[in-house]
Amino acid sequence: MSAERLLAHYEKIADAPDAIARLRRFILDLAVRGKLLPQNEKDEPASELLKRIAKEKARLVAAGELRKPRDLVGSNELNEPFAIPVTWSWVRLDAIGAIIGGGTPSAADADNFAEPGEGVPWLTPADLGGYVDLYISRGSRDLSEKGTRASSATLMPKGTVLFTSRAPIGYVAIAANPISTNQGFKSIVPYVADCSRFIATAMKAFAPEIDAKAPGTTFKEVSGKIVAAIPFPVPPLAEQRRIVAKVDELMALCDRLEATRAEREATRGRLTETSLARLNAPDSETFQADSRFVLDALPPLTTRPDQIKVLRQTILNLAVRGKLVPQDASDESGSDLLKRIVKQKVSSRYGNVSINPEDEPYVLPETWKWAALDQLIVSGPQNGISPRPTKRDGAPKAITLTATTSGTFNPIYFKHVEANIPTGSDFWLEEGDLLFQRGNTREYVGMAAVYRGPPNTFLFPDLIIKVRVSEYVCLEFVHLASISPPARDFLTANASGAQATMPKINQTTLVSLPIPLPPLAEQRRIVAKVDALMALCDRLEASLAAAVDIRRRLLDALLAEAVAPADDRELEAAE
């Protein structure tokens, strides 16, 4: 396995989660393992470079330019995390550069600081957040001479490798000029300046592991002692230069791949949005052709779960506008159907609730009729109860809001409660109950689901309103109309309450919900069509999840193979 083979497989893994980010990490991992480029036997080995580094370090100490490092217990014991080429050497990080911390003067004294360019360049980790260039010259403010004297900040030379050691841990840059930092850095001043670029490359590669092992929970930090003791692989100096050049080349390739992927996704997104928009605001003359195009074209265009979610909403939107199936002139009209329903219905405690012509949300087919939800229900609306939760075995079950948040009833979401509710009470759910969320976030308030299950099994909470609809309407159609985009817009717009995170609807709002009423036979045809199209969405979703999983596993396999030792790969090939 080689880097070239991975790149050859790139199109197969491009849509894997974090594919580009992982490819970048992979390149860095290969770089520090000596697997990015072949070794050149003519290169002076790293052992000779380390002799020059040690000589320069001793010179700096003797000249008083560098404080003599303390002898650390166990400093000669070095854990070698992985195999490296024979021309490389393992050392502690502080063997190739001085580890320098930073300092901050009192923020209460404004005279300690200066505008950028007017004092001593000084960095905080925030200055590297979002910074894309490798070299940096200064931060958002400088230290004044007074501030420099008042702090422990050290002015470090050009070429210093800057590494953030406080959360966020792992930002890396190189000083473009003499620079100082605050305490959030443990910087490396190379004893041989030509090593700066490779040190920076390696610190980028090691940053995720350093961060993962950093002590602390709410505030993570690695000490200078920890940074100094990091095992560091040193290649020959000539190979360091070749590695850095190759990393730059491959990172530029990653930039291009990332830009290409972003443009491809943007094009797909625009085409998908345009196609769905044509269905949500349909042209009667081109609708059939538009709908066929969307249903044929969307599967290959759909690469993200959010696109499938939009497709589901489009299907519901078409369904409640009479655009999903053709009308049949022989069907009993929605007006006649509504008259039969109202005749059967006992008087509502909310009075004569109906939809005024001037309040009709949009134009319906001629055979349809607008109705208020109140005109279609024969029981309710009824709020649930709020009993005390319990861990007692055998206690009654009360569903939670999550049981209906998806728009489909999910019986796994319940809690046991202390309640003594008689069998047959209206607080027990029965087959065919239509449940609305009385309170939730603005995205979900008013969401509806149909209970499909045995009686006397689940209680429903106070934040849910229960209704039962007339036998003369199709319950499934009323449900899909209740969760369609127009209904969701109505309920969200009319939700209110003191808590912005938990707006609520009341029963008066709910019974006023406009429901488009087609002929009963057409209601059933619409439900069947919606079921078929939602099944298509389910298959698209499953296919997308499977494709993502395949890409992820392929990427994992390629990366694992690429960094495996050569003898392991030969053994696998033999097997």
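From SER291, SER335, which residue is at pLDDT 70 or above and in a helix (DSSP H, G or I)?
Residue meeting the stated conditions: SER335.
Give the residue, chosen from SER180, SER152, SER144, that is of a type in the set (Gly, Ala, Ser), surrounded by fewer than 21 Cβ atoms within 10 Å (Cβ to Cβ) and more than 29 Å from the chain's Cα centre (by Cα).
SER152
Residue under question is LEU316, and the condition is that it be out of contact with any His (no Cβ under 8 Å at 6 or more places or on another chain) and assigned to a helix (DSSP H, G or I); does it hold?
So LEU316 passes the test.
Could you tell me whether ARG256 is more than 17 Å from THR164 (Cβ to Cβ) and surrounded by fewer than 19 Cβ atoms within 10 Å (Cβ to Cβ)?
Judged against the criteria, ARG256 is a match.
If you check every pair at least six apart or on different chains, which have Cβ atoms under 6 Å apart with a residue in region 236-253 that is over 19 Å from VAL91 (Cβ atoms) first and a residue that is part of a helix (DSSP H, G or I) and not hydroxyl-bearing (Ser, Thr, Tyr) second?
What qualifies is VAL247/ALA31; LEU250/ILE27.
Scanning for something under 16 Å from GLY101 (Cβ atoms), assigned by TED's automatic domain parsing to the domain that holds GLU221 and surrounded by fewer than 20 Cβ atoms within 10 Å (Cβ to Cβ), does region 157-166 turn up at least one residue?
Yes, region 157-166 has at least one match.
May I ask you to list the residues in region 427-440 that are assigned to a loop (DSSP other than H, G, I, E, B) and either surrounded by fewer than 16 Cβ atoms within 10 Å (Cβ to Cβ) or of a type in the set (A, V, I, L, M) (or both)?
Of everything in region 427-440, those that are assigned to a loop (DSSP other than H, G, I, E, B) and either surrounded by fewer than 16 Cβ atoms within 10 Å (Cβ to Cβ) or of a type in the set (A, V, I, L, M) (or both) turn out to be LEU429, GLU431, GLY432.
Could you please find all residues in region 451-472 being under 18 Å from SER386 (Cα atoms) and of a type in the set (Phe, Trp, Tyr)?
PHE458, PHE460, listed by residue number.
Using the structure shown, decide if ALA546 is at pLDDT 70 or above, part of a helix (DSSP H, G or I), over 24 Å from GLY334 (Cα atoms) and not assigned by TED's automatic domain parsing to the domain that holds PRO85.
So ALA546 fits the description; yes.
May I ask you to list pairs of residues, at least six apart or on different chains, whose Cβ atoms are under 6 Å apart, with the first in region 203-224 being polar (S, T, N, Q) and the second being in a helix (DSSP H, G or I)?
No pair meets every condition.
Would you check if there is a residue in region 2-18 being basic (Lys, Arg), at pLDDT below 75 and outside the structural domain of ALA202 (by TED's automatic domain parsing)?
Yes; the residues of region 2-18 include at least one that is basic (Lys, Arg), at pLDDT below 75 and outside the structural domain of ALA202 (by TED's automatic domain parsing).
Out of the residues in region 35-57 meeting the condition of being within 45 Å of the chain's Cα centre (by Cα), surrounded by 13 or more Cβ atoms within 10 Å (Cβ to Cβ) and over 16 Å from VAL91 (Cα atoms), tell me which one is modelled with the highest pLDDT.
Residue satisfying both the conditions and the ranking: GLN39.
What is the residue count in region 443-462 for residues that are out of contact with any helix residue (DSSP H, G or I) (no Cβ under 6 Å at 6 or more places or on another chain) and assigned to a loop (DSSP other than H, G, I, E, B)?
13
Yes/no matrix, rows are residues, columns are (1) in contact (Cβ under 8 Å) with a residue 12 or more places away in the chain; (2) among the aromatic types (Phe, Trp, Tyr); (3) surrounded by fewer than 18 Cβ atoms within 10 Å (Cβ to Cβ):
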position	(1), (2), (3)
TYR444	yes, yes, no
PHE477	yes, yes, no
THR492	yes, no, yes
GLN507	yes, no, no
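Under 22 Å from ILE515 (Cα atoms), in the same structural domain as PRO514 (by TED's automatic domain parsing) and among the basic types (Lys, Arg), is that true of ARG392?
In short, no.
Considering region 168-198 alone, what residues qualify as being among the hydrophobic types (A, V, I, L, M, F, W, C) and touching a helix residue (DSSP H, G or I) at 6+ places or on another chain (Cβ under 8 Å)?
Within region 168-198, ILE169, VAL172, ALA173, ILE174, PHE185, ILE188, VAL192, CYS195, PHE198 meet the criteria.
The values are calculated or read from the model by the stated rules, or taken from the named source; none is laboratory data. None of the values given here were measured: they were computed from a predicted structure. Heads up, the Cβs are rebuilt from the backbone with ideal geometry, glycines too, and the neighbour counts pull from every protein chain shown.
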